[in-house]
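**Q** Have a look at the structure that comes next, please.
The values are calculated or read from the model by the stated rules, or taken from the named source; none is laboratory data. Here the structure is a predicted model, which means the values were calculated and not measured. Neighbour counts run over all protein chains shown; Cβ positions are idealised from the backbone, glycine included.
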């Protein structure tokens, strides 16, 4: 049996989160991974977000069907604080 098909999107915009939720997107949330990301992705055609943790409460309120998630930094000395900020904002971390 194949695993289920899961739709996800990165956003810190509550209106976009609500639209994604209404469209059936399963996982909705901001990409808060920033420290060292430009170095890890140097030379790659990738996107580095400017998302902010303070948008999490609004995202949480905008999503009723899907699940809110947060991408945080790789483990580092400040990980505990970053994860606590994400959890306080209303989203689990992935």
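**Q** Between a first residue in region 77-88 that is without any contact (Cβ under 8 Å) to a residue 60 or more places away in the chain and a second residue that is surrounded by 14 or more Cβ atoms within 10 Å (Cβ to Cβ) and part of a helix (DSSP H, G or I), which pairs have beta carbons less than 6 Å apart while being 6 or more apart in sequence or on different chains?
**A** 85/53
**Q** What are the residue pairs meeting all of these: first residue in region 8-27, first residue closer than 17 Å to residue 47 by Cα, second residue assigned to a helix (DSSP H, G or I) and at pLDDT below 95, Cβ atoms under 6 Å, and 6 or more apart or on different chains?
**A** Listed pairs, sorted by first residue: 12/55.
**Q** When region 62-72 is examined, which residues are found to be within 11 Å of residue 28 (Cβ to Cβ), assigned to a strand (DSSP E or B) and under 10 Å from the mean Cα position of the chain (by Cα)?
**A** Across region 62-72, the qualifying residues are 68, 70.
**Q** Looking at 81, 50 in this structure, which one is surrounded by fewer than 11 Cβ atoms within 10 Å (Cβ to Cβ), out of contact with any helix residue (DSSP H, G or I) (no Cβ under 9 Å at 6 or more places or on another chain), part of a loop (DSSP other than H, G, I, E, B) and at pLDDT 85 or above?
**A** So the residue among 81, 50 that is surrounded by fewer than 11 Cβ atoms within 10 Å (Cβ to Cβ), out of contact with any helix residue (DSSP H, G or I) (no Cβ under 9 Å at 6 or more places or on another chain), part of a loop (DSSP other than H, G, I, E, B) and at pLDDT 85 or above is 50.
**Q** Scan region 33-55 for residues that are closer than 16 Å to residue 16 by Cβ and touching a residue at least 40 places away in the same chain (Cβ under 8 Å) and report the count.
**A** Qualifying residue count, region 33-55: 3.
**Q** Still on this structure, please answer the following. Yes or no: residue 59 surrounded by 14 or more Cβ atoms within 10 Å (Cβ to Cβ), assigned to a helix (DSSP H, G or I), without any contact (Cβ under 8 Å) to a residue 40 or more places away in the chain and touching a strand residue (DSSP E or B) at 6+ places or on another chain (Cβ under 6 Å)?
**A** It is false that residue 59 is surrounded by 14 or more Cβ atoms within 10 Å (Cβ to Cβ), assigned to a helix (DSSP H, G or I), without any contact (Cβ under 8 Å) to a residue 40 or more places away in the chain and touching a strand residue (DSSP E or B) at 6+ places or on another chain (Cβ under 6 Å).
**Q** So which residues in region 1-42 are assigned to a loop (DSSP other than H, G, I, E, B), loosely packed, with under 15 Cβ neighbours inside 10 Å and at pLDDT 90 or above, if there are any at all?
**A** 5, 6, 7, 23, 24
**Q** So which residues in region 62-78 are modelled with pLDDT of 90 or more and surrounded by fewer than 16 Cβ atoms within 10 Å (Cβ to Cβ)?
**A** Those that are modelled with pLDDT of 90 or more and surrounded by fewer than 16 Cβ atoms within 10 Å (Cβ to Cβ): 64, 65.
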